[in-house]
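Structure first, commentary second.
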Amino acid sequence: ARPQRITEFVKKTFISASSVWTSPLVGQSRAIQFRDVLNNAAERVGRELGNDPLAEADLRGTLGMTYGMLGDPVKGEAQILLGLKRLHEVPGGAPRVASALLADLCDVRSFQGHYSEALVACRKSLALARVAGSDLPLGTLMHDTAYMAVKAGEPLEEAEKLYREAVPKGPTEESLAKLWPAIIDTRIGQLRLAQGDFAEGSRLLAGAERLLRAAPG
């Protein structure tokens with residue numbers, strides 16, 4: 001039943017943007033912007049999926065990240081926080097969904113330059129994922145947590161430990177999996193340079209560069 005409700009919601013979202021003359025999203029004859037569609041979806045989601053807090057929470061995460069990528073991370077954070085609040089009504093708290101929402105919250109907070117707050121969300125996301133699993137690769141969550149720790153001014157040793165733990169737990173999709181070692185070596189290389197270990201930092205960065213230059217594109 002949940003996939004059916006989500007499908008119907010998405011259908012209505014796209015149909016509402018089908019015509020500049022008949023769309024309920026705008027009261028004048030002008031081209032509809034994607035932000036119009038997004039705002040309309042954010043306004044409807046609580047009303048149309050309010051009886052299914054898990055579906056609503058999941059969709060609010062998507063809306064929140066979309067706002068963030070469109071350059072409005074404040075609205076994005078508000079949507080994700082609403083989604084996390086709805087999860088309190090789900091038996092057991094849906095930890096996998098909560099972990100994903102917290103990862104999104106980490107991102108939109110970082111888009112605002114709020115790295116300490118982003119780190120709090122990333123750490124919570126990773127802690128849940130370690131216990132309950134995650135739809136995101138565990139290594140990705142480790143990478144993001146380590147990155148935010150560096151941006152927030154935390155000890156570099158803590159970040160390096162997380163980066164190294166992330167190496168065997170990265171994305172499984174083939175093209176990303178091939179680049180994962182280079183991504184991690186780039187991060188650790190930067191940390192080595194920041195700590196004055198220029199030889200090891202240069203070695204890691206040079207190796208990462210070779211891998212990246214060899215990749216398609």
Select, from Val131, Val150, the only residue that is β-branched (Val, Ile, Thr) and closer than 20 Å to Leu204 by Cβ. Val150
Pick from Gly139, Gly153: which is at pLDDT 95 or above and on the phi > 0 side of the Ramachandran plot? Gly153
Please determine, by comparing only the residues of segment 166-179 that are in contact with a helix residue (DSSP H, G or I) (Cβ under 7 Å, 6 or more places away or on another chain) and of a type in the set (Gly, Ala, Ser), which one is surrounded by the most Cβ atoms within 10 Å (Cβ to Cβ). Ala166
Which condition breaks for Phe34 when tested against (1) open to solvent by 90 Å² or more (accessible area, probe 1.4 Å); (2) modelled with pLDDT under 80; (3) of a type in the set (A, V, I, L, M, F, W, C)? (2)
When segment 1-25 is checked residue by residue, the ones that are open to solvent by less than 40 Å² (accessible area, probe 1.4 Å), modelled with pLDDT of 60 or more and not in a helix (DSSP H, G or I) are Ser16, Ala17, Leu25
Return yes when Asp144 is part of a helix (DSSP H, G or I), open to solvent by less than 70 Å² (accessible area, probe 1.4 Å) and over 22 Å from Ala118 (Cβ atoms) and no when it is not. no
Could you tell me which numbered condition Glu89 fails, if it satisfies all but one of (1) in contact with a helix residue (DSSP H, G or I) (Cβ under 7 Å, 6 or more places away or on another chain); (2) open to solvent by 10 Å² or more (accessible area, probe 1.4 Å); (3) assigned to a helix (DSSP H, G or I); (4) touching a residue at least 24 places away in the same chain (Cβ under 8 Å)? (3)
Checking Gly133, Gly153, Gly139 in turn, the sole residue that is surrounded by fewer than 21 Cβ atoms within 10 Å (Cβ to Cβ) and under 16 Å from Cys122 (Cβ atoms) turns out to be Gly153
Take Tyr163 and decide whether it is open to solvent by 20 Å² or more (accessible area, probe 1.4 Å), within 30 Å of Asp58 (Cβ to Cβ) and assigned to a helix (DSSP H, G or I). no
Please list, ordered by first then second residue, the pairs with beta carbon atoms under 7 Å, 6 or more apart or interchain, first in segment 120-145 and farther than 10 Å from Leu102 by Cα, second open to solvent by 70 Å² or more (accessible area, probe 1.4 Å) and polar (S, T, N, Q). Pro137/Thr172
Regarding Leu211, is this residue in a loop (DSSP other than H, G, I, E, B), hydrophobic (A, V, I, L, M, F, W, C) and surrounded by fewer than 21 Cβ atoms within 10 Å (Cβ to Cβ)? no
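The values are calculated or read from the model by the stated rules, or taken from the named source; none is laboratory data. Small disclaimer: the values here were computed from a predicted structure and weren't measured. Using ideal geometry, Cβ is built from the backbone for each residue, glycine included, and neighbour counts are taken over all protein chains shown. These area figures cover heavy atoms from the full protein model, side chains too; ligands, DNA and RNA do not enter into them. Shrake-Rupley method; radii C 1.70, N 1.55, O 1.52, S 1.80 Å.
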